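So the structure is just underneath, and the comments pick up after that.
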Amino acid sequence: MILKGSQRGFGQNLAAHLMNTRDNEHVALHELRGFYAEDLKGAFRETEAIGRGTRCAQPFFSLSLSPPEAERVSVAIFENAIDQIEERLGLTGQPRAVIFHEKEGRRHAHCVWSRIDADTMTARPLPFFKNKLTEISRGLYLEHGWTMPDGIRDSAKRDPINFTLAEWQQAKRQGVDPRWLKQSMQECWKLSDDPKSFTQALKDRGFFLARGDKRGFVVLDHGGEVYSLPKMLGLKTREVRARLGDGETLASVEATQKTIGAAMTPAIRRHIEESRTRFLKRSASLGHSKMEMTHLHREARQKLDQKQSAEWLAETKQRAARLPKGLRGLWHRITGEYQKVRAANEDEATRTKDRHAAERQALIDRQLEQRRVLQAQFKELRRGQAEQLLDLRRDLGRFLALSRGTHGPPERTRQRSMALRLER
């Protein structure tokens, strides 16, 4: 499974993010260990209070565990992985919280440890934790027979279309899939070998190369949104300059936006808006289906929890009734019968816990299969919209090439790009 860790501060923000049911269809606080509080915000508030005594600005270590999408991964596998990571990073015995998230037909876990050692009032150091997590990740893929991603097998083959939080948020504001943006620009880079061919490849996809103020080379989309070219390509600025030069001959961002605004005729705007409207309508329909499914799944889990709680209470009373009291209880202690009954009760309680866990896991697996069917429809919708978006961007590029030098009065536009919604 893919492991991503980071040292963190701002515990209340982290707790709110982890318990967010708006962006996650299911959220479950699985474990709170080593805290007095019984809720996540209270637990993290404890760590922050202790951390102030050490002047540690990042008292938390936050880890996400993402197994392969199509694999059925039990809670026990997650727990064993967390224990292994805890020992390898030197966090054994530290207070920790484990949270499970589900969305888009996938289930992953988060574990947050307190780095503060309450006995020594120092923060536990985490040297080379990224390298250690990569080694553990490889071991988990091999142990469970999962197909290992190329980026974990060889760091030089990491997925080039991965994006940062800032890149995701920028694309989301424009209603565009950031994976499509990066992939399109990287394809242009691979197909070209000089500034002229690269500029033309971008225009064929409706992108426009410009000179940035501080970021060097930038790319604009048809709505005038500005993206850093080196970040989109996953390259350093000097690598981009080695092929494209210093960029002094390129138009500025403002001039390019005026050119795009002048080229956005009413017909082109209408085609873009019609495509976006069709996509939003279909997306809203699927979104409604997702909402209904989420409600039914939450209701089914709640009913199972209530049923298991009632079973546990009834069986606990039965087990308590088997233990004799008074003089008879004293005699049973002397003869050893009391210990035998107690051991039998503990074995029965363990079997009940295991049975309940298996029932919960079976329900979650069934629901994940149902959610994946719906998610496949979302993916198909995005794929079709991406193809249509590419066609429209090509049309815009061809129009600019034909109408160069015949633009009407410039107008500044900030139209939203066609929506490839990310939250479904």
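Using label points projected 7 Å from each Cα along Cα→Cβ, tell me how many nm separate residue 273 and residue 20, to one decimal.
Computed distance between label sites residue 273 and residue 20 equals 3.2 nm.
Please compute the length gained on full extension between residue 296 and residue 55, using 0.36 nm multiplied by the number of residues separating them and subtracting their Cα-Cα distance. Intermediate values should be presented prior to the final figure.
Values: separation 241, 0.36 × 241 = 86.76 nm, distance 4.64 nm.
The residue 296-residue 55 span can extend by a further 82.1 nm.
Pairs to check: 203/258; 303/379; 290/379. Give those whose C-alpha atoms are more than 23 Å from each other in this structure. Let's see the in-between values first.
Values: 203/258 16 Å; 303/379 31 Å; 290/379 13 Å.
From the list (203/258; 303/379; 290/379), the Cα-Cα distance tops 23 Å for 303/379.
For the residues 36, 227, what sequence is obtained by ranking on other C-beta atoms within 10 Å, fewest first?
Values: 36 9, 227 22.
Ranking 36, 227 by Cβ neighbours within 10 Å, fewest first, gives 36, 227.
Can you list the residues, at least 5 places off or on another chain, whose amide H is less than 5 Å from the amide H of residue 116, using H built in the peptide plane?
124
Which FRET efficiency value, to the nearest 0.05, is calculated for residue 190 and residue 238 with the Förster distance at 22 angstrom and r the Cβ-Cβ distance? Write down the numbers at each step before the final one.
Values: r = 19 Å, r/R0 = 0.86.
Here the calculated transfer efficiency is 0.70.
In nm, give the distance between the simple-model label positions of residue 144 and residue 10, each being 7 Å from the Cα along the Cα-to-Cβ direction.
3.0 nm
If you filter the stretch 300-358 for trypsin sites (Lys or Arg not before Pro), then keep DSSP loop positions with at most 13 other Cβ within 10 Å, what is left?
Values: sites: 301, 303, 307, 317, 319, 322, 325, 328, 333, 340, 342, 351, 353, 355; in loops: 325.
Sites meeting the loop and neighbour criteria: 325.
So between residue 70 and residue 285, what do we pick up on full extension, going 0.36 nm a residue minus the alpha carbon distance? Present the calculation step by step, with values, prior to reporting the outcome.
Numbers: separation 215, 0.36 × 215 = 77.40 nm, distance 2.50 nm.
Gain on extension, residue 70 to residue 285, equals 74.9 nm.
Kindly provide the trypsin sites (Lys or Arg not before Pro) of the stretch 34-100 that DSSP labels as loop, not H, G, I, E or B, and whose Cβ sees at most 16 other Cβ atoms within 10 Å. Before the final figure, lay out each step's value.
Working: sites: 41, 45, 52, 55, 72, 88, 96; in loops: 55, 72.
Answer by residue number: 55, 72.
Hey, what do the phi angles of the stretch 366-381 turn into as Karplus ³J(HN,Hα) couplings, whole Hz, using 6.51/-1.76/1.60 and θ = phi - 60°, x for Gly and Pro?
For the stretch 366-381, the Karplus-derived couplings read 4, 5, 5, 4, 5, 5, 5, 4, 5, 5, 4, 5, 4, 5, 5, 4 Hz, x marking Gly and Pro.
Run down the lysines and flag those whose C-alpha is under 16 Å from the C-alpha of residue 231, throwing out any fewer than 8 positions away in its chain.
Output for residue 231: 182, 190, 214.
Determine the gain in length on full extension of the stretch residue 33-residue 363; use 0.36 nm per residue of separation and subtract their C-alpha separation, reporting nm with one decimal.
Numbers: separation 330, 0.36 × 330 = 118.80 nm, distance 2.59 nm.
Roughly 116.2 nm would be gained on extension.
We did not get these values from a lab; they are worked out from the coordinates using the rules stated. Keep in mind that this is a model prediction, so the values were computed, not measured. Counting neighbours? That spans all protein chains shown, and the Cβs are built from the backbone with ideal geometry, glycine included.
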